[in-house]
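Beneath this line is the structure, given in structure tokens, with notes to follow.
The values are calculated or read from the model by the stated rules, or taken from the named source; none is laboratory data. Bear in mind the structure is a predicted one, so any value in this text is a computation, not a measurement. Glycine also receives a Cβ, built like all others from the backbone with ideal geometry; neighbour counts cover every protein chain displayed.
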Amino acid sequence: MEREGKLFYFGDALCKKAGHSLRTKSGHCIQCNTSNIAYQLRSSATGFVYLAFSPSTKFVKVGYSKHHPQERAEFLRNEAYGNLRDWDVKRVVRFEKNAGRVEFSIHAKLEPYLRPVVYKRANGQIVECREIFCCDLELAKREFDAITTKKA
């Protein structure tokens, strides 16, 4: 599947829950849980992985974007992502594939510092941010650099 660039397959053992045969590369049923489709697409996508920092709170955000992260930083500030308007992008790496997977690897390393933040978007939608970490910026940079240089 990797060699041919395939993200989904069918015909393997049926899922235990409902007997479906459509799966992600990692074997998860995409019929029982359609969010597996979005997860797989993001995980395998081309894009930028970035590290942003909020000086006012010392929070770190690690994210993925199809667009250059300087544009993303403007969006984060304008959106007041996590109730913050001072996001500044400190690191950026572009990946031809698996950008989402790299992002999730960094999240896993920083998980002990995860700081979920709930905020209301301008359109009234309530959002829980799960990409914000309360840790030293230098620690976040080290973890980011270690993973992105290994995966680049």
Query - Some residue of segment 71-83 being touching a Ser or Thr at 6+ places or on another chain (Cβ under 8 Å) and either at pLDDT 90 or above or not assigned by TED's automatic domain parsing to the domain that holds Phe144 (or both) - result: yes
Query raised in the report: Which ones in segment 95-132 are within 18 Å of Glu79 (Cα to Cα) and within 13 Å of the chain's Cα centre (by Cα)?
Result: Cys129, Arg130, Glu131, Ile132
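Scan segment 13-46 residue by residue and report those that are on the phi > 0 side of the Ramachandran plot and either modelled with pLDDT under 75 or touching a Gly at 6+ places or on another chain (Cβ under 9 Å) (or both). Lay out the reasoning, then the answer.
Initially, segment 13-46 is screened for residues on the phi > 0 side of the Ramachandran plot, giving 19, 27.
Residue satisfying the conditions is Gly27 alone.
Could you tell me which residue of segment 98-152 is surrounded by the fewest Cβ atoms within 10 Å (Cβ to Cβ), considering only residues that are among the polar types (S, T, N, Q) and in contact with a helix residue (DSSP H, G or I) (Cβ under 9 Å, 6 or more places away or on another chain)? Break it down into steps so the answer makes sense when it comes.
Start the filter on segment 98-152 by keeping residues that are among the polar types (S, T, N, Q), which leaves 98, 105, 123, 125, 148-149.
Narrowing the set further to residues that are in contact with a helix residue (DSSP H, G or I) (Cβ under 9 Å, 6 or more places away or on another chain) leaves 98, 105, 148.
Details: Asn98: 17, Ser105: 20, Thr148: 21.
This residue is Asn98.
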